[in-house]
Amino acid sequence: MTPPGSALGAITVRPVSRTLPPPPQTSFASDNAAGVSPEVMAALAAANLGSALAYGDDHWTRRAEVAIAELFEAPVISLACWGGTGANVVGLASVLRPWQAVIATNAAHIVTDECGAPARFSGATVAPVPHVNGKLEPEALAGYLDWFGTEHHPQPAVLSVSQATELGTIYTIEELAALADAAHRAGMLLHLDGARIANAVASSGSSMPEMVRDTGVDLMTFGFTKNGAMYGELVVYLRPELAADARFVRKQASQLTSKSRFVAAQVLALVEGGLWLRNADHANRMARRLAEGVGRIQGVEIAHPPEANAVFARIPQWAIPPLQEWSYFWEWDSSQSLVRWMTSFATTIADVDAFVAGVAAVIG
Ligand SMILES: Cc1ncc(COP(=O)(O)O)c(C=O)c1O
């Protein structure tokens with residue numbers, strides 16, 4: 001048996017002898033671990049009555065298109081897709097040529113978590129740049145500006161940012177506008193991966209038009225799955241002319257759902273009465289409560305204050321396995337002993353308090 005505090009390689013091992021409290025009822029591993037908002041379930045059941053033409057030729061899809069244009073207060077074009085990777089693929093592949101490049105941070109989902117799908121479907125190069133707390137800074141573009149016009153280099157055509165970022169931070173309106181400005185001055189487009197755009201809008205207190213239309217975003221993924229949908233995301237083109245080839249790209253990328261009415265019904269359930277913002281706001285509040293709770297435990301260091309629905313914390317390496325066994329979550333960066341805890345619309349106050357109690361029992 002390993003004595004308390006002895007070193008095992010680089011890891012200090014300590015036995016966890018305390019009895020742990022009951023684990024929370026919901027998972028802090030991911031907002032994707034949550035189920036479906038009851039209102040969305042009801043909307044799916046309602047859309048299940050009778051038949052409707054397939055491939056978006058139905059009244060739910062038409063209503064959702066109008067609802068999205070109203071939400072953005074602009075004549076946007078929106079296309080339903082199955083999932084977030086697929087929506088990023090469709091958006092990017094519809095505006096990129098094979099000799100071009102999309103620039104994103106080296107933490108971006110399109111760089112690290114989509115198995116190269118955007119590069120495969122667009123043929124373009126995905127060029128990663130460093131980030132600061134998950135955010136891309138306009139200066140990061142500088143190194144690529146020399147590539148313009150030289151046939152040996154992929155031609156930078158799109159800047160892609162995630163809002164909220166993969167590190168749970170939020171670009172301010174000014175930061176997004178500065179990035180759009182930098183991209184446009186270089187003749188590039190600004191793409192926004194909005195898998196968690198609802199959390200960002202709810203956290204910022206700005207409206208969707210203020211955050212996206214007025215800052216100069218050209219096209220985006222509007223995520224619903226993490227916000228309470230069962231599946232389904234939209235690609236939203238703020239400049240309608242960019243969508244000229246989008247329907248062909250979507251079909252070829254296997255993202256055209258035949259029973260599209262079920263995506264549209266979910267979008268309507270979330271958007272029409274503002275549930276998308278209420279769900280996101282709840283998730284954000286649960287993350288803040290979690291950060292406050294675990295932040296009081298000696299041995300837990302919050303990496304940065306949560307701005308959306310993720311808490312990143314440094315905890316002792318030895319505490320990670322027993323905590324994961326008790327209530328699973330992901331270790332984000334083992335070199336920093338950095339873990340990620342995520343909340344969702346389904347996280348309750350009791351879940352947060354139970355999780356804090358477990359962390360305190362192991363580490364405190
Ligand atoms: C930033 C970001 N973009 C996109 C996605 C969409 O991924 P998926 O294809 O799993 O829906 C995710 C999911 O975790 C994400 O975190």
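Every condition in (1) modelled with pLDDT of 95 or more; (2) surrounded by 12 or more Cβ atoms within 10 Å (Cβ to Cβ); (3) not assigned by TED's automatic domain parsing to the domain that holds TYR231 holds for ASP58 except the one numbered (3).
In this structure, does TYR171 turn out to be aromatic (Phe, Trp, Tyr) and in contact with a His (Cβ under 9 Å, 6 or more places away or on another chain)? Judged against the criteria, TYR171 is not a match.
Quick check, is THR165 over 25 Å from VAL90 (Cβ atoms) and of a type in the set (Ser, Thr, Tyr)? Even if it seems obvious, please write down each step before you answer.
Working: over 25 Å from VAL90 (Cβ atoms): no; of a type in the set (Ser, Thr, Tyr): yes.
Here the answer is no, as THR165 does not meet what is asked.
The single condition from (1) within 10 Å of the ligand (Cβ to nearest atom); (2) crowded, with 18+ Cβ neighbours inside 10 Å that ALA119 fails is (1). Could you check region 79-112 and list, in sequence order, the residues that are more than 11 Å from the ligand (Cβ to nearest atom), surrounded by fewer than 23 Cβ atoms within 10 Å (Cβ to Cβ) and under 19 Å from the mean Cα position of the chain (by Cα)? The answer is ASN106, and nothing else.
Taken over region 299-321, the criterion of being in contact (Cβ under 8 Å) with a residue 24 or more places away in the chain, over 27 Å from ILE170 (Cβ atoms) and open to solvent by 30 Å² or more (accessible area, probe 1.4 Å) is satisfied by GLY299, PRO316, GLN317, TRP318.
Cβ-Cβ distances below 8 Å connect the following pairs, each with a first residue in region 31-46 that is under 11 Å from GLN266 (Cβ atoms) and at pLDDT 95 or above, a second residue that is within 16 Å of the ligand (Cβ to nearest atom) and open to solvent by 50 Å² or more (accessible area, probe 1.4 Å), and a separation of six or more residues or different chains: VAL36/MET230; VAL40/MET230; MET41/MET230; LEU44/MET230. What about ASP214, is it more than 16 Å from the ligand (Cβ to nearest atom), farther than 20 Å from ALA34 by Cα and open to solvent by 10 Å² or more (accessible area, probe 1.4 Å)? Taking the combined requirement at face value, the residue satisfies it. Once region 231-276 is narrowed to residues that are more than 16 Å from the ligand (Cβ to nearest atom), not in a loop (DSSP other than H, G, I, E, B) and not hydrophobic (A, V, I, L, M, F, W, C), the residue that is nearest to VAL40 (Cα to Cα) is ARG261. Applying a threshold of 8 Å to beta carbon distances and a minimum spacing of six or more residues, or different chains, the list of pairs starting in region 156-183 at a residue that is over 12 Å from ILE103 (Cα atoms) and ending at one that is open to solvent by less than 10 Å² (accessible area, probe 1.4 Å) and modelled with pLDDT under 95 reads ALA182/LEU141.
I need a count of the residues in region 190-207 that are crowded, with 23+ Cβ neighbours inside 10 Å and over 15 Å from ALA308 (Cβ atoms). Write out each step before concluding.
Quick first cut of region 190-207, residues crowded, with 23+ Cβ neighbours inside 10 Å only: 190-203.
Narrowing the set further to residues that are over 15 Å from ALA308 (Cβ atoms) leaves 190-191.
Total satisfying the criteria: 2.
The set of residues from region 148-171 being more than 16 Å from the ligand (Cβ to nearest atom) and buried (at least 16 other Cβ atoms within 10 Å of the Cβ) comprises PRO154, GLN155, PRO156, ALA157.
Checking each residue in region 149-187 for being within 24 Å of LEU277 (Cβ to Cβ), assigned to a loop (DSSP other than H, G, I, E, B) and among the β-branched types (Val, Ile, Thr) picks out THR165, THR169, ILE170, THR172. Among the charged types (D, E, K, R) and either farther than 16 Å from ASP193 by Cβ or not assigned by TED's automatic domain parsing to the domain that holds VAL161 (or both), is that true of GLU73? So GLU73 fits the description; yes.
Condition test on THR225, is it within 23 Å of THR169 (Cβ to Cβ), within 14 Å of the ligand (Cβ to nearest atom) and either open to solvent by 20 Å² or more (accessible area, probe 1.4 Å) or in contact with a Pro (Cβ under 7 Å, 6 or more places away or on another chain) (or both)?
Working: within 23 Å of THR169 (Cβ to Cβ): yes; within 14 Å of the ligand (Cβ to nearest atom): yes; either open to solvent by 20 Å² or more (accessible area, probe 1.4 Å) or in contact with a Pro (Cβ under 7 Å, 6 or more places away or on another chain) (or both): yes.
Considered against the rule, which asks whether it is within 23 Å of THR169 (Cβ to Cβ), within 14 Å of the ligand (Cβ to nearest atom) and either open to solvent by 20 Å² or more (accessible area, probe 1.4 Å) or in contact with a Pro (Cβ under 7 Å, 6 or more places away or on another chain) (or both), THR225 comes out as yes.
Taking the criterion of being in contact with a Leu (Cβ under 9 Å, 6 or more places away or on another chain) and under 30 Å from PRO305 (Cα atoms), the residues of region 77-129 that qualify are ALA87, VAL102, ILE103, ALA104, THR105, ALA107, ALA108, ILE110, VAL126, VAL129.
The values are calculated or read from the model by the stated rules, or taken from the named source; none is laboratory data. Everything numeric here is computed off the predicted structure, so don't read it as measured data. We place every Cβ from the backbone using ideal geometry, glycine too, and count neighbours over all the protein chains shown. These accessible areas exclude ligands, DNA and RNA; they are computed on the full protein's heavy atoms, side chains included. Shrake-Rupley method; radii C 1.70, N 1.55, O 1.52, S 1.80 Å.
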